[in-house]
Amino acid sequence: MSLTTPAARRDLSFHLHPATNLRQVQAEGPLVITRGEGVYVYDDEGRRYLEGMAGLWCASLGFSERRLADAAYRQMCELPFYHSFAGKVPAVSTELAERLIQIAPEGMARVLFANSGSEANDTAIKLAWYINNAQGRPRKKKIIARQRAYHGVTVATASLTGLAFAHTDFDLPIDRILHTDCPHHYRGARPGESEETFAARLADSLEQLILREGPDTVAAFFAEPVMGAGGVIVPPATYFDRIQPILRKYDILFVADEVICGFGRTGSMFGSQTFNLQPDIITVAKALSAGYQPISANLVSSKVYEILLAQSDKLGIFGHGYTYSSHPVPAAVALETLKIYAERDIVAAVRRVGPRMQAGIRSYADHPLVGDARGIGLIGAVEVVRNKATKESFDPKAGVAAYLVRRAQHHGAILRNMPGDIVAFSPPLIISEAEIDEMLGCFGKALDDTWAMVRERGLA
Ligand SMILES: Cc1ncc(COP(=O)(O)O)c(C=O)c1O
């Protein structure tokens with residue numbers, strides 16, 4: 001059956017929508033997307049949208065890369081399923097693991113595959129616990145994440161996520177999870193505080209938290225190089241330089257969640273390179289397969305691997321893994337994706353067009369609704385405020401950024417609003433300068449529509 005009208009979609013949709021206001025989507029019907037081409041997707045009434053979020057920060061090569069479809073088809077014909085339990089492995093997955101270690105930040109030694117970003121981070125939590133048991137430190141189990149972090153929505157990763165919607169009424173967070181400050185200078189800095197002083201204060205605050213809890217109880221620190229779903233928060237330049245020595249001092253594992261930042265988004269192959277991070281574990285997903293297949297991975301350092309090896313000697317098994325860990329079809333698509341990144345020098349592409357997007361986003365900084373305009377590479381955001389001088393926000397119930405995003409969609413660009421009236425940009429990495437201008441043009445019109453709405457309703 002083809003659901004071609006909004007009425008039919010409303011009446012006949014059986015979809016339970018994640019991360020959605022269920023009442024609203026039931027009343028208004030979903031936006032049904034039927035096909036994609038380049039950076040554009042088309043709805044079931046033929047309307048075209050520039051996908052300014054690459055879907056969910058993932059469709060790095062756009063929506064019509066035939067080579068990825070062909071890679072999946074070839075793999076389906078050759079070996080549609082195999083697994084990596086009990087010492088077996090699909091050939092293509094070994095190739096992918098090798099390629100990942102070649103391009104990974106220095107020090108990564110082994111790759112453990114999973115299916116989603118949440119699973120990869122969930123695995124990293126388990127590894128942190130397991131490693132400390134292996135080292136005879138059964139008390140060293142607490143995990144520190146940051147307020148506004150997004151690390152997923154499984155029981156454990158939703159607990160790491162520092163956003164209320166992931167916890168409320170889900171009986172989360174679980175115990176042993178702590179949250180430290182979010183490195184958002186615009187919101188978190190004291191009056192007149194420089195980025196440098198702010199970063200030093202946050203590092204000190206982290207150290208105080210570790211000391212209060214007891215360093216012998218803290219296992220790991222999780223961080224996205226640039227926070228995505230929490231509002232595209234680019235940390236101050238010296239933030240991680242100050243955080244990392246503290247983690248080393250107290251022997252705390254550093255897990256870099258590169259689920260969004262990995263594979264070029266910030267203008268280096270990994271966010272860890274952009275911010276000079278030396279993590280023990282890196283989690284990747286999304287652009288690993290350009291979003292075309294569900295696949296994620298944990299890259300672990302040789303230090304971590306040596307501990308797992310010794311523990312396997314002791315227990316006789318490394319008792320973790322999923323049926324679809326190392327699934328050959330997503331692995332084949334990911335391998336082809338990495339080939340395309342190399343052939344087209346995707347990092348250079350981001351460095352070439354990124355400045356256009358960053359300048360474009362910042363060109364709206366003077367608009368009466370814009371409190372902050374920020375980003376790096378091909379990720380950015382605009383934070384909408386009621387009062388520029390005081391940074392006062394709108395009442396969340398007014399849904400100002402949600403309105404803005406609806407208007408942007410009306411003008412032909414899909415963007416995403418996040419808690420705090422933040423509108424994010426994270427287009428496919430293949431976007432051209434002309435397409436960036438088009439995306440930001442739609443945003444500009446939507447911003448003006450929103451300003452008109454805000455004044456009409458007396459919201460500002
Ligand atoms: C930084 C980060 N980590 C983890 C996840 C969770 O990934 P998934 O939705 O594939 O479980 C996301 C999803 O957006 C993410 O942005």
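The values are calculated or read from the model by the stated rules, or taken from the named source; none is laboratory data. Computed from a predicted structure; not experimentally measured. Note that we place each Cβ from the backbone using ideal geometry, even for glycine, and neighbour counts take in every protein chain shown. SASA here: full protein model, heavy atoms, side chains in, ligands and nucleic acids out. Shrake-Rupley method; radii C 1.70, N 1.55, O 1.52, S 1.80 Å.
Model label sites at R362 and Q26, defined 7 Å from Cα along the beta-carbon direction, differ in position by 4.7 nm.
For region 178-192, backbone phi angles converted through the Karplus equation (6.51, -1.76, 1.60; θ = phi - 60°) give residue-by-residue couplings of 10, 10, 10, 5, 8, x, 9, 4, 4, 8, x, 6, 6, x, x Hz, Gly and Pro being listed as x. If you sort L22, L299 by accessible surface, 1.4 Å probe, largest first, the order is L22, L299.
The average projected area of region 203-354, computed from the convex hull of its Cα atoms over all directions, is 11.1 nm².
Protection proxy ranking of 140-146, 80-86, 254-260, 70-76, by the mean of other Cβ atoms within 10 Å over each peptide's residues and highest first, is 254-260, 140-146, 70-76, 80-86. The calculated 222 nm mean residue ellipticity attributable to helices in the chain amounts to -12500 deg cm²/dmol, summing -39500 (n - 2.57) over DSSP H runs of n ≥ 4 and dividing by all residues.
Inter-part distance, region 276-298 to region 305-384, computed on C-alpha centroids, equals 6 Å. Each Cα pair under 8 Å and six or more residues apart adds its sequence gap; the mean of these over the residue count of the chain is a relative contact order of 19 percent.
Placing one identical point scatterer on every Cα of the chain and ignoring solvent, what is log10 I(q)/I(0) from the Debye formula at q = 0.12 Å⁻¹? Per q value, in the given order, log10 I(q)/I(0) is -1.09. Multiplying the residue separation of S194 and L209 by 0.36 nm and subtracting their alpha-carbon distance yields 3.2 nm.
Placing R0 at 45 angstrom, the Cβ-Cβ distance between R351 and L459 gives a FRET efficiency of 0.70 after rounding to 0.05.
Heavy atoms only, probe 1.4 angstrom, no DNA, RNA or ligands counted: give me W57, W451 ranked by accessible area, highest first. Intermediate values should be presented prior to the final figure.
On the way: W57 10, W451 65 Å².
Accessible-area ranking of W57, W451, largest first: W451, W57.
Among F222, F63, the sequence by solvent-accessible area, most first, with a 1.4 Å probe is F63, F222. The dipole here belongs to region 134-284: it is taken about the Cα centre, uses +1 on the Cβ of Lys and Arg and -1 on the Cβ of Asp and Glu, and is about 240 debye.
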